[in-house]
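Just below is one structure, and these are the notes that go with it.
Coordinate-derived values only; no laboratory data. Note that the structure is a prediction, hence the values are computed from the model and not measured. Cβ atoms come from the backbone with ideal geometry, glycine included; neighbour counts cover every protein chain shown.
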């Protein structure tokens, strides 16, 4: 697939700090703040009022809706959908100050910062909260409002708080029927269920 060429389109009300790399064809909407060291791929959409922290990596063809918070330590691969209001976290035991209440703790990365990976094609529904240190598998889907506290397998649909697997989804986004060899009713793609409750393309 050939991605569209042309310079990125950055709204004048967006804040893009020095050292940020933004790929061709990417649109950055108003009120977005992208911190230094972040890398945004080609042909992405970064929705209004979204915050992208230091050194975050976003692949090509990623759609990030409005009011999304992406903290340091997050890598988002190609073709991911991040719906409005999604929040990433990177510290399991956050505190504002030191134990003596004499100084604020630093806001930048520390030894407590954990990394999160969202693999290609995944979808994070509106208002999802993504816990620190998790991996969300290829083409997985977290439903709206899901609180993801552990790794999500490829093609898994997870719902609730804490998020639990509620089924499987196709590449096209439709829910798959149950069974050891499900076929998508919408597009006809075939899958097979492997030992250990993982799904693979047939």
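Of the residues making up region 89-109, those that are assigned to a loop (DSSP other than H, G, I, E, B), surrounded by 10 or more Cβ atoms within 10 Å (Cβ to Cβ) and touching a strand residue (DSSP E or B) at 6+ places or on another chain (Cβ under 9 Å) are 89, 90, 98, 105.
Screening 186, 190, 163 for residues that are more than 24 Å from residue 88 (Cβ to Cβ), in contact (Cβ under 8 Å) with a residue 12 or more places away in the chain and touching a strand residue (DSSP E or B) at 6+ places or on another chain (Cβ under 6 Å) leaves exactly one candidate, 190. Scanning region 119-130 for residues that are surrounded by 19 or more Cβ atoms within 10 Å (Cβ to Cβ) and assigned to a loop (DSSP other than H, G, I, E, B) gives 119, 121, 122, 125, 128. Residues that are without any contact (Cβ under 8 Å) to a residue 24 or more places away in the chain and in a loop (DSSP other than H, G, I, E, B) within region 139-160 comprise 143, 145, 146, 149, 150, 151, 160, listed in sequence order. Residues that are buried (at least 18 other Cβ atoms within 10 Å of the Cβ) and without any contact (Cβ under 8 Å) to a residue 24 or more places away in the chain were ranked within region 21-34; the one that is farthest from residue 78 (Cα to Cα) is 32. Going through (1) surrounded by fewer than 13 Cβ atoms within 10 Å (Cβ to Cβ); (2) touching a residue at least 12 places away in the same chain (Cβ under 8 Å) one by one, residue 134 falls short only on (1).
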